[in-house]
Amino acid sequence: HAYPPANAELQERIAGEGLVVSQFWPEAAPSKQSFPMRNAVMSGYGRASVVIEAGETSGARIQARVAVEHGRPVILTKAVATGTSWGAAMTGRPGVWIAHTAAEVLAAVHEVLDVDRQAEELLALPG
């Protein structure tokens, strides 16, 4: 099921040319419970979660919370960090970056990637 329905054409194109990863069967209809579950899983897919815009009850809040709980980096825009209670509560937590501009978002992403590269180099076995 395409959700929202307006994305049906995009879903068909991705299915034909790309890759879709989901914990749900293709026939599974969207439900109130599936969105928080999806956000929790998405927090582990990437190297970091970047939250550009979100409200108090958005799925991005769930994704950011789970990412922090699992030690995954989170990058919040200043608007999210100052405009939501959960964003403000994340400020100062380990692994959480606050970006005031688009350039700072990109710098934080590059820092996350560089930290990962450094860890890989440190853990590389000789041979």
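Just so it is clear, none of the values below were taken in a lab; they were calculated from the coordinates. The shown structure was predicted, so the numbers you read here are calculated from the model rather than taken from an experiment. With ideal geometry, Cβ positions are generated from the backbone for all residues, glycine too; neighbour counts draw on all protein chains shown.
Worth a mention:
- Rounded, prolate or oblate (a/c below 1.5 giving rounded, otherwise prolate when a/b exceeds b/c) for the chain by Cα gyration tensor: oblate
- Each Lys and Arg adds +1 at its Cβ and each Asp and Glu adds -1 at its Cβ; summed about the Cα centre, the chain shows a dipole of about 420 debye.
- Helix 8-17 axis versus longest C-alpha principal axis of the chain: approximately 70°, rounded to the nearest ten.
- Sequence of Thr77, Thr91 once ranked by neighbouring C-beta atoms within 10 Å, starting from the fewest: Thr91, Thr77
- Taking Cα atoms only, the orientation of helix 102-123 departs from the longest principal axis of the chain by about 70 degrees.
- Selection from Trp86, Ile52, Gln118, by position along the positive dipole direction of the range 47-123 (Cβ): Trp86
- Centroid-to-centroid, using Cα positions, the range 36-57 and the range 104-127 are 21 Å apart.
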